[in-house]
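A quick write-up on the structure given underneath.
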Amino acid sequence: MAREKYLRLGELLIKEGLLKEEDLNKAIALQKQEGGRLGEVLVKMGVLREDQIVAALGKQLGIPYFSLGTGMLKPAIDQGLDKLVSNEFAMKNMVLPLSRTLRSLTVAMIDPLDLILIDSLKKLTGCEINPVIVIRSDINKAIEEFYGKSGIFKEAVEASYDITAAAVIEDVEAAEEELSLDKLIARAEEAPVVRLVDLIIHQAISERSSDIHIEPFKEKISLRYRIDGRLYEIPPPARHLHLAIISRVKILSKLDIAEKRLPQDGSFVVKIENRPIDIRVSLIPTIYGEKVVLRLLDRTQVVLDLNLLGFDPGQNALIRKAIHSPYGLLFLTGPTGCGKTTTLYAILSEIRSPTTNIVTIEDPVEYKLDGINQVQIKPEIGLTFASALRSFLRQDPDIMLVGEVRDLETAQICIRSALTGHLVLSTLHTNDAPSAVSRLIDIGIEPYLITPSLICVVAQRLLRKLCMHCKEAYEPTAEQLKGINIKADLLYKPKGCAKCNQIGFRGRACIAEVMVLNNQLRELINVKASFQQIREVAMATGMQTLYESALKKVEEGTTSLEEALAITLGNE
């Protein structure tokens, strides 16, 4: 047993039956090319999970492995552990005190071999340190639960009201006219403001927010997070800090601090738990000052797999048939924020290969994919969708992705490309799939060009998923189901718990309607049939509508009936 302790990690994983020798050899080869630790490479390859690696590593080192799911990462109460090791030290070093016995302290760590950190803990606590090993995501959640991440944020917000008049100017409207650029920068770099902006962003990421809205009004600031598609009000900082907060965001985004009359767009990147979060910044002038919206993009949380987006198996089959066509035009439609871009990237992830030349023109490029040539439009220098597409046709492409069809010229080039042997993927802003035909005709495309080129239209929406930890089953009444065709005997409704912040919903799922063009639909398009006629024939030939797709999610227990009806307007 003593000898097993000193086995190499790869050998131990093989001995435990967790790893095959051929996978180990691949991982070692990849490690030599890209560097990093063997365990990180195995997780990246998808061969093993992080917890399996850490458990084996603990066995190798003879150090206990603790996980969040077993309840072992709950610190003992009434031992003053939060005062023994401060929240700031715990967050900075990813350590968590678990229990204290006389002069011995058990501490959870992600790197129990960090002798310098262990020595620092000894000096800080005056105790001998007994380390246990944990994975990063578990200890991060445990630290937040123990010290109270929202409590830290709340304290910072409350402290913003106590900043003295010496630090800020009371009359904000007058101040905005009088403050020099140097004073703006100095105020934005003050420690309380820097900390407050950092905490606003960190709290939003922790709450799985997609957007942060900071809006000035006459006597207050409004701070709101968009979580799973809904905006929620958060206790805001003091009104007199608005200008300093906006200036801090501008500094981070490398924007013009002095410019307050015109809209500005920028971006920056932050790192949370060693994962980069892209933050896009948009500022607009309002009558009470500048409003800022920060869009948070966590690439590590985005699922680029068609099987995991929420499409029905039948819809997935139709989409796959379309995207593996040698040529043609496929549109994704829906309002802003309905997941069109994520679906397009999932499609690209599936069809990319060394034998295929894929080029994209986007505004903006949201996710960078290996093996795909991606272009960001720059209208100010003449690089538009249309001008880039003309150049694309000389790049010998097999597949082209166009971020959005906005005008006649872009639409014409897409149609022409589809007719000359290319597969073209793009988006349109329409409410459903049949409306895409009407939209193309409104733009100026003739029906005789649509019918031979268009092969499929996918309309989609995102609806909130019920929290799996607290959803409640109930038997619906006849009144609740009036005019609704639900086959399930039991439905589910939101309740609210700590896991979902008492909202009752956590995460979102896709609902869709997939219209594949057939001869009947092409005949209708050629004679400029109405949208309603096209819709009726599409449904008669098998198209599942958004409404029907939403009701399926209700029957499966994925969402509530009220959410499904709200997203689809409660009708066909």
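The values are calculated or read from the model by the stated rules, or taken from the named source; none is laboratory data. Only a predicted model underlies this, so the values are computations on that prediction, with no experimental measurement involved. Quick reminder, even Gly has a Cβ in these numbers, built from the backbone with ideal geometry, and neighbours come from all protein chains shown. When the accessible area is computed, the model is the full protein with side chains, heavy atoms only, and any ligands, DNA or RNA have been set aside. Shrake-Rupley method; radii C 1.70, N 1.55, O 1.52, S 1.80 Å.
Give the residues of the range 292-310 that are assigned to a strand (DSSP E or B) and open to solvent by 40 Å² or more (accessible area, probe 1.4 Å), sorted by residue number. Scanning the range 292-310 gives a single hit, Arg295.
A single member of Asp278, Asp228 is at pLDDT below 95, at positive phi and not small (Gly, Ala, Ser), and it is Asp228. Considering each residue of the range 273-330, count those that are β-branched (Val, Ile, Thr) and more than 19 Å from Thr427 (Cβ to Cβ), and give that number. Of the residues in that region, 9 qualify. With respect to Ala108, determine if the residue is hydrophobic (A, V, I, L, M, F, W, C), open to solvent by less than 30 Å² (accessible area, probe 1.4 Å), under 31 Å from the mean Cα position of the chain (by Cα) and at pLDDT below 90. The answer is no for Ala108. Filtered by the rule that a residue be at pLDDT 75 or above and at positive phi, the range 77-87 gives a lone residue, Gly80. Of the listed requirements (1) buried (at least 19 other Cβ atoms within 10 Å of the Cβ); (2) touching a helix residue (DSSP H, G or I) at 6+ places or on another chain (Cβ under 6 Å); (3) under 27 Å from Lys141 (Cβ atoms); (4) of a type outside the set (Ser, Thr, Tyr), Leu223 misses just one: (2). Each residue in the range 449-505 was checked for being of a type in the set (A, V, I, L, M) and more than 30 Å from Leu423 (Cβ to Cβ), and 12 of them qualify. Only a single criterion out of (1) open to solvent by 30 Å² or more (accessible area, probe 1.4 Å); (2) within 17 Å of the chain's Cα centre (by Cα); (3) within 30 Å of Ala550 (Cα to Cα); (4) touching a residue at least 40 places away in the same chain (Cβ under 8 Å) is not satisfied by Pro335, namely (2).
Residues that are in contact (Cβ under 8 Å) with a residue 12 or more places away in the chain, open to solvent by 60 Å² or more (accessible area, probe 1.4 Å), of a type in the set (D, E, K, R) and not in a strand (DSSP E or B) within the range 226-259 comprise just one, Lys254.
Within the range 414-442, residues that are acidic (Asp, Glu) sit with their Cβ atoms under 6 Å from residues that are not in a loop (DSSP other than H, G, I, E, B), at 6+ positions apart or across chains, in these pairs: Asp432/Ala459.
Within the range 57-79, the only residue that satisfies the criterion of being farther than 21 Å from Asn140 by Cβ, in contact (Cβ under 8 Å) with a residue 40 or more places away in the chain and either of a type in the set (Gly, Ala, Ser) or touching a Lys or Arg at 6+ places or on another chain (Cβ under 6 Å) (or both) is Gly62. Screening Ile445 with (1) within 30 Å of Val527 (Cβ to Cβ); (2) free of Cβ contacts under 8 Å to residues at least 40 places away in the same chain; (3) open to solvent by 20 Å² or more (accessible area, probe 1.4 Å); (4) in a loop (DSSP other than H, G, I, E, B) gives one miss only, at (3). Right, Ser417: open to solvent by less than 10 Å² (accessible area, probe 1.4 Å) and farther than 24 Å from Ala512 by Cα or not? For Ser417, the condition - open to solvent by less than 10 Å² (accessible area, probe 1.4 Å) and farther than 24 Å from Ala512 by Cα - is met. When the residues of the range 197-208 are filtered to those that are open to solvent by less than 40 Å² (accessible area, probe 1.4 Å) and over 20 Å from His242 (Cβ atoms), which remaining residue is nearest to the chain's Cα centre (by Cα)? Among residues in the range 197-208 that are open to solvent by less than 40 Å² (accessible area, probe 1.4 Å) and over 20 Å from His242 (Cβ atoms), the one nearest to the chain's Cα centre (by Cα) is Ile205. If you go through the range 274-291 one residue at a time, do you hit one that is open to solvent by 30 Å² or more (accessible area, probe 1.4 Å), within 30 Å of Ile143 (Cβ to Cβ), in contact with a His (Cβ under 6 Å, 6 or more places away or on another chain) and assigned to a strand (DSSP E or B)? No, the range 274-291 contains no residue that is open to solvent by 30 Å² or more (accessible area, probe 1.4 Å), within 30 Å of Ile143 (Cβ to Cβ), in contact with a His (Cβ under 6 Å, 6 or more places away or on another chain) and assigned to a strand (DSSP E or B).
Quick grid of which residues meet (1) of a type in the set (D, E, K, R); (2) open to solvent by less than 50 Å² (accessible area, probe 1.4 Å):
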| site | (1), (2) |
| --- | --- |
| Asp363 | yes, no |
| Ile372 | no, yes |
| Gln376 | no, no |
| Ile381 | no, no |
| Ala386 | no, yes |
| Arg406 | yes, no |
| Gln412 | no, no |
| Pro434 | no, yes |
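Among the residues of the range 38-76, the ones that are of a type in the set (Gly, Ala, Ser), open to solvent by 50 Å² or more (accessible area, probe 1.4 Å) and at pLDDT 75 or above come to 1 in all.
Looking only at the range 248-271, decide whether some residue is more than 16 Å from the chain's Cα centre (by Cα), at pLDDT 90 or above and on the phi > 0 side of the Ramachandran plot. Yes, the range 248-271 contains a residue that is more than 16 Å from the chain's Cα centre (by Cα), at pLDDT 90 or above and on the phi > 0 side of the Ramachandran plot. When Lys340 is tested against (1) basic (Lys, Arg); (2) farther than 23 Å from Pro434 by Cβ; (3) in contact (Cβ under 8 Å) with a residue 12 or more places away in the chain, only condition (2) is not met. Of all the residues in the range 88-140, those that are in contact with an Asp or Glu (Cβ under 6 Å, 6 or more places away or on another chain) and either assigned to a strand (DSSP E or B) or at positive phi (or both) number 1. The residues of the range 341-361 that are open to solvent by less than 20 Å² (accessible area, probe 1.4 Å) and over 21 Å from Thr420 (Cα atoms), listed by number, are Thr343, Leu344, Tyr345, Ala346, Ile347. The residue of the range 260-273 that is nearest to Lys141 (Cα to Cα), among those that are surrounded by fewer than 14 Cβ atoms within 10 Å (Cβ to Cβ) and free of Cβ contacts under 8 Å to residues at least 40 places away in the same chain, is Lys271. Checked against (1) under 18 Å from Ile133 (Cα atoms); (2) modelled with pLDDT under 75; (3) surrounded by 15 or more Cβ atoms within 10 Å (Cβ to Cβ), Asn93 passes all but condition (2).
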